[in-house]
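Undergrad: After the C-alpha cells below, expect a handful of questions from me.
The values are calculated or read from the model by the stated rules, or taken from the named source; none is laboratory data. Computed from a prediction, not measured in an experiment: that's the story for all the values here. Neighbour counts are summed over all protein chains in view; Cβ atoms, including those assigned to glycine, are modelled from backbone coordinates with ideal geometry.
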Amino acid sequence: MIVLPLLLVAVVTTVMTLTDQGSASVLRHLYLVPTLWAGLTQGAIGGGLIGALAGLLHAPVALPAVERDGLTSQTLDGLLSLGLPVLAGLLVGLLVDGSRARAARLSAVLAIQRRLAGPGSLEDALAGVAEELRVTLRARRVALLVGNDLRTARLASVPVGTLVDADSAAAFTLATGQAVASADLRADPRIAASEPPSPTPLRALSLPLASGVGVVGVMAVEWTGELSRATRAAAEELALHAGLAVENARLTMRQRRFADELSEKVEAATARLRELDQAKTEFLSVVSHELRTPLTALQGFSELLLRSVLPPEKAHRCLVYLHTEACALGRIVGELLDLSRIEAGRPLELRPESIDLDELMERNVELFAAEHRQHRFRWTPSVPGIALRADPDALDRMMKNLLSNAVKYSPRGGAVCVSASPALDHPGMVEVAVEDDGVGIPADQLPRIFERYVRVPHPETAAARGLGLGLSLVKALAEAHGGRVEVDSLPGKGSRFRVLLPGLDAHF
Ligand code: ADP
C-alpha cells in the first residue's frame with residue numbers, strides 16, 4: 001500500500017513547516033523513512049515516486065535557503081536532501097524488484113522440479129511446466145519440445161496434431177543448441193506462424209533446453225509487445241533450469257522403467273524356477289514309478305523262472321516279458337543319460353554313417369507290430385536315390401520314441417504310418433515321418449511338447465507311462481544332426497511328426 005508512506009510524507013512535511021525548520025534541519029532525514037518504506041513494499045516505482053515527492057516537498061525549504069545564503073555547506077546539504085530520497089527510493093526499490101523477480105524464478109524452478117518429479121505422465125508434467133513458465137515470464141504462450149529428434153519429440157502446450165517444421169526456429173535451436181530471437185513472430189519466415197497481422201509486435205524466443213548431455217529440447221516463448229533485457233535473461237535462466245529438470249525427469253523415468261522391467265524379469269525367472277522345481281519334483285516321482293514298473297515285472301518273472309519248472313512255452317513267454325521290460329528299462333536309462341548330458345551342456349556324441357532308411361523303417365515297424373496287435377502299422381518304401389548320413393543309433397532312438405508315442409497316444413488302436421522322403425518344404429532335407437490317428441494335441445500345447453517334462457493331459461491317455469522327455473530328446477538329437485523336428489496335429493484326429501535331417505552332402 002502506497003497510501004501509508006504518502007501519509008507519512010505529509011506528516012513529515014507538516015511537522016517541518018509547523019516547526020519552521022531550515023533546509024539543513026535533521027528532520028529532513030525523516031523523508032527517508034516513507035521513501036524506504038515505499039521502496040521496500042512497492043519496488044522501484046513506489047520508492048522512486050515517494051522519493052521524488054519527498055524531494056519536491058523539501059524543495060520549498062531548500063531552494064529559498066540557497067537563494068538567500070548562497071552555496072554554503074548547510075545549503076548544499078539541503079540541496080542534497082532534494083535528490084537523496086529519489087535515489088534511495090529508486091535504489092532500494094530496484095534491489096527489492098530484483099530480489100522479488102529472483103524469488104519468483106526460484107519458486108518457478110522449484111515448482112518445475114516438483115511437477116517433473118511428480119507421479120503423472122511426462123506429457124502432463126511438461127504441460128504443467130509450460131504453464132508455470134508462462135506465468136513466471138508473463139508471456140503470451142510457452143511451448144516445450146522435449147527430445148532429440150523432431151519426429152519423436154514430445155510437445156507440450158501446443159495444439160494437438162502440431163508438427164514441428166524442419167525449417168522452424170525450434171528445429172534450428174534443437175539442431176544447433178543456439179537461441180533464436182524474433183522481433184515479430186508474424187513477419188518472421190523462420191517461424192511458421194499462422195497468426196493474423198497486428199500492429200502490436202509478437203516477440204518470440206526459441207531457447208535450448210540444455211543438460212549435461214547436450215540439448216534435450218527447446219523452449220519457445222511468445223510475448224505481446226516489448227521484451228525487456230531482464231525478461232530475456234530470466235527466460236534464459238529458466239530454460240537452463242528446465243533443461244536440467246527435464247533431463248533428470250527423463251533419467252528418473254528411464255530408471256523407473258528399467259527397475260520395473262527388471263522386477264518383471266526377476267518375477268518371471270522366479271516363476272520359471274518355481275515351475276522347474278515343481279517339474280523336477282514331479283519328474284523324480286514319475287522316474288521312480290517308471291523304473292519301478294519294469295523292475296517289478298523283471299523281479300516277478302525272474303522269480304517265477306527260478307522257483308518253478310515251467311513248460312517251455314510258458315517259460316518262453318516269461319522270457320519275452322523279461323526282454324520287453326529290460327528294453328523299457330534300458331530306454332529309460334538311455335533317456336536319463338541323454339538328459340543329463342544335455343543339462344550339463346555336453347554335446348550328444350554322434351557317429352554318422354550312411355543310413356539304409358528302408359531297413360530302419362521295416363525293422364522298427366516289425367518290432368512295434370509284434371508288440372502292439374491293436375494297431376495297424378504301415379511303412380512306405382523311401383523314394384529311390386534318397387540318401388542320408390546320420391548316427392544310426394540316434395536315428396533308431398528317434399524312430400522308436402515317435403513310434404512308441406504314436407502307439408501310446410492312440411489308445412483305441414488305429415493306423416500308424418511311417419515314411420521317408422525328401423522334404424518338399426525344406427530343400428536339401430530328408431524327412432522321416434511318423435503319423436497316427438490318435439488323440440491329437442491341442443494347438444496351444446504344440447509349441448510346448450518339445451520342452452522337457454511337458455506332458456499334455458488327456459482323459460484317454462491318463463494311464464500312459466512317460467517322463468515327458470522323449471520329444472525333447474528327439475529334438476535334441478535332430479538338432480545335433482543339423483536338423484529339426486516338426487509336428488502337425490488335430491485333437492481327435494491324430495498327429496504327424498517329421499524329423500528333418502540334412503541330405504547326404506551335408507556335413508556333421
Ligand atoms: P512322454 O510320452 O514320455 O510323456 P514325450 O516328450 O514323448 O513324453 O511327449 C510329450 C507329450 O506330448 C506327451 O506327454 C503327449 O501328451 C504329447 N504327445 C507326444 N506324441 C504324441 C502323439 N503322437 N499324439 C498325441 N500326443 C502326443
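Undergrad: Pairs needed: first member in the stretch 442-458, on the phi > 0 side of the Ramachandran plot; second member anywhere, more than 8 Å from the ligand (Cβ to nearest atom) and part of a helix (DSSP H, G or I); C-beta distance under 6 Å; at least 6 residues apart or different chains.
TA: The qualifying pairs are Tyr453/Ala279; Tyr453/Phe283.
Undergrad: Considering only residues that are of a type in the set (Val, Ile, Thr) and touching a residue at least 40 places away in the same chain (Cβ under 8 Å), which ones fall in the stretch 18-60? Walk me through it before giving the result.
TA: Taking the stretch 18-60 and keeping what is of a type in the set (Val, Ile, Thr), we get 19, 26, 33, 35, 41, 45, 50.
Thr35, Thr41, Ile45, Ile50 - these are the residues of the stretch 18-60 that are of a type in the set (Val, Ile, Thr) and touching a residue at least 40 places away in the same chain (Cβ under 8 Å).
Undergrad: Quick one: how many residues across the stretch 118-155 are of a type in the set (Ser, Thr, Tyr) and surrounded by 16 or more Cβ atoms within 10 Å (Cβ to Cβ)?
TA: If we filter the stretch 118-155 for residues that are of a type in the set (Ser, Thr, Tyr), which is where we start, we get 121, 136, 152.
Add one more test, that the residue is surrounded by 16 or more Cβ atoms within 10 Å (Cβ to Cβ), and what stays is 136.
Residues in the stretch 118-155 being of a type in the set (Ser, Thr, Tyr) and surrounded by 16 or more Cβ atoms within 10 Å (Cβ to Cβ): 1 in total.
Undergrad: With respect to Arg68, determine if the residue is at negative phi, modelled with pLDDT under 85 and of a type outside the set (A, V, I, L, M).
TA: On the way: at negative phi: yes; modelled with pLDDT under 85: yes; of a type outside the set (A, V, I, L, M): yes.
Judged against the criteria, Arg68 is a match.
Undergrad: List pairs: first residue in the stretch 404-416 and outside any loop (DSSP other than H, G, I, E, B), second residue more than 8 Å from the ligand (Cβ to nearest atom) anywhere in the structure, Cβ distance under 6 angstrom, at least six positions apart or on different chains.
TA: These pairs meet every condition: Ala406/Val416; Val407/His372; Val407/His375; Gly414/Asp437; Ala415/Arg376; Ala415/Asp437; Val416/His375; Val416/Phe377.
Undergrad: Oh, and also: Within 18 Å of Leu6 (Cα to Cα) and buried (at least 21 other Cβ atoms within 10 Å of the Cβ): which single residue out of Gly78, Gly39, Gly83 fits that description?
TA: Gly39
Undergrad: Here's another thing I want to ask about it. What about Leu336, is it under 23 Å from Leu403 (Cβ atoms) and assigned to a helix (DSSP H, G or I)? Can you show your working first?
TA: Numbers: under 23 Å from Leu403 (Cβ atoms): yes; assigned to a helix (DSSP H, G or I): yes.
So Leu336 passes the test.
Undergrad: Output the residues belonging to the stretch 461-508 that are in a loop (DSSP other than H, G, I, E, B) and touching a Leu at 6+ places or on another chain (Cβ under 7 Å). Working first, answer last.
TA: Here is the first cut: in the stretch 461-508, the residues in a loop (DSSP other than H, G, I, E, B) are 462-469, 481-483, 491-493, 503-508.
Within the stretch 461-508, Leu469, His481, Gly483, Gly503, Leu504, Phe508 qualify.
Undergrad: Something else: Would you tally the residues in the stretch 156-165 being under 28 Å from the mean Cα position of the chain (by Cα) and loosely packed, with under 15 Cβ neighbours inside 10 Å?
TA: Let us first name the residues in the stretch 156-165 that are under 28 Å from the mean Cα position of the chain (by Cα), namely 156-164.
Filter once more, so that each one left must be loosely packed, with under 15 Cβ neighbours inside 10 Å: 159-163.
So the count comes out to 5.
Undergrad: Within the stretch 351-372, how many residues are surrounded by 15 or more Cβ atoms within 10 Å (Cβ to Cβ) and not in a helix (DSSP H, G or I)?
TA: 3
Undergrad: Next question, about the same structure. Would you kindly identify the strands (runs of 3 or more DSSP E) lying entirely within the stretch 113-204 that contain at least 1 residues that are farther than 25 Å from Ala230 by Cβ, at pLDDT below 80 and of a type outside the set (A, V, I, L, M)? Even if it seems obvious, please write down each step before you answer.
TA: Details: elements: 141-146, 154-156, 180-182.
Per the criteria, no element qualifies.
Undergrad: Hey, another quick one. Given the structure, is Val456 in a loop (DSSP other than H, G, I, E, B), near the ligand (Cβ under 8 Å from one of its atoms), among the aliphatic types (A, V, I, L, M) and modelled with pLDDT of 90 or more? Quick ask: steps written out before the conclusion?
TA: Details: in a loop (DSSP other than H, G, I, E, B): yes; near the ligand (Cβ under 8 Å from one of its atoms): yes; among the aliphatic types (A, V, I, L, M): yes; modelled with pLDDT of 90 or more: yes.
Criteria met by Val456.
Undergrad: Limited to the stretch 418-453, what total is found for residues that are within 10 Å of the ligand (Cβ to nearest atom), among the aliphatic types (A, V, I, L, M) and outside any strand (DSSP E or B)? Can you show your working first?
TA: As a first pass, look at the stretch 418-453 and keep what is within 10 Å of the ligand (Cβ to nearest atom): 434-442, 445-446, 448-453.
Then keep just the ones that are among the aliphatic types (A, V, I, L, M); that gives 434, 439, 441, 446, 449.
With outside any strand (DSSP E or B) added as a condition, the list becomes 439, 441, 446, 449.
Residues in the stretch 418-453 being within 10 Å of the ligand (Cβ to nearest atom), among the aliphatic types (A, V, I, L, M) and outside any strand (DSSP E or B): 4 in total.
Undergrad: Just wondering, is there one or more residues in the stretch 301-323 that are under 30 Å from Pro208 (Cβ atoms), among the polar types (S, T, N, Q) and free of Cβ contacts under 8 Å to residues at least 24 places away in the same chain?
TA: Filtering the stretch 301-323 for residues under 30 Å from Pro208 (Cβ atoms) gives none.
No, the conditions are met nowhere in the stretch 301-323.
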